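Quick one: the structure is below, and I'll ask about it shortly.
A short reminder: the numbers here are calculations on the coordinates, not readings from a lab. Note that this is a predicted model, so its numbers are computed, not measured. Every residue, glycine as well, gets a Cβ built from its backbone with ideal geometry; the counts of neighbours run over all protein chains shown.
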Amino acid sequence: MDKISIVTSLYRSSPYVDDFYYQHLDCIKKMNVDYEFVFVDDGYPDDAAAKVEALIRKDSKVKLILLSRNFGQYAAMFAGMANAEGDYIYATDSDLEEEPQNIISMYNILMENKDIDVVYGVLKKRDGGIIRGFLGKIFFVILDSLSDVKIPRNQGWQRVMSKRYVKALLQYNEAETLPAGLMILAGFKQHPIIMDKNYKGSTSYTFRKRLRLALNSITAFSAKPLIFIGLLGISITLITFVVLILAIVRKFFVADFQIGWLSIITSIWLIGGIILASVGIIGIYLAKIFNQVKNRPLYIIKSIVKSA
């Protein structure tokens, strides 16, 4: 009998813990599988961990991983997957916005197609209104044009993965990245399914966090901005050289030729802006290198609570 590990992270998740457990347990009972629940507490000061500990006393197949502080959902989910013992790992958000029943259809697809290692959910529609949706489309257009890895749009966390795929995925230890990109970069045959998402309340992802995620995503999967800077510098140098030659020629052969003040100031501001933007892009890459070479752990586990 296969064993499936249900992995989720806890952050502001106290209202959902019990429902998450019982709804997924109902789904598991409809499947011919063994199971375990792996809850990862990501350092938010509520009673979510206490509720999981209460479940552990009722069900020996539940365990809780306590991180030493808040490391973010990406790190917390990877911590859970690294400590999952199942033949298949099911990862999902704890807020039940993604339907628990999807675990059944995802697992069945894997059973019917042994060459598939991952079944992941793709959202029909993302929350956030017209403006956020428009900005999201622009982001993916830019990312697709710059990245060599084509990342499917609107992926959710919800997915069922084989053990061998998860082992390959966990080899990545990038400090700042786009998790959905890593999941595609790991390879193996992956199958998307369309799913709905029941949005509940406001998201904790502010515009600042989304902007940071966008910059991390682009710079994590493409070096083309650096190449663009080099090509831009060469182009400006060539254009400047041509303009200089033309200016010298006109100076000697056109008696009333004068270089305007406005054109000089405009040129200075243009070149200055390009230089600052280029230095900024290089700075982003240097910051990523700096964070990576420190080789700090992606997460630190304070303790693991499970049935004796």
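So if R0 is 30 Å, what FRET efficiency would ASN198 and ILE138 give, r being the distance between their Cβ atoms, rounded to the nearest 0.05?
Here the calculated transfer efficiency is 0.70.
While we're on this one: At 7 Å along the Cα-to-beta-carbon direction for both ASN108 and ASN70, put a label point, then send me their distance in nm to one decimal.
That separation, rounded to one decimal, is 3.9 nm.
While we're on this one: Counting Lys and Arg as +1 and Asp and Glu as -1, what is the net charge of the other residues whose Cβ lies under 10 Å from the Cβ of ASP117? The partial results should precede the final answer.
Working: positive: LYS114, LYS163, ARG164, LYS189; negative: ASP115.
In short, +3.
Okay, next question. In which sequence would TRP157, TRP269 go, from the one with the fewest C-beta neighbours within 10 Å to the one with the most?
Least to most surrounded, the residues fall as TRP269, TRP157.
Collect residues whose amide H, placed 1.01 Å from N in the peptide plane, falls under 5 Å from the amide H of TYR35; neighbours closer than 5 in sequence don't count.
Hits under the 5 Å cutoff: ILE4.
On a 32 Å Cα-Cα criterion, which of the cross-link pairs LYS197/LYS224; LYS3/LYS224; LYS114/LYS150; LYS63/LYS167 come out too long?
Those over the limit are LYS197/LYS224; LYS3/LYS224.
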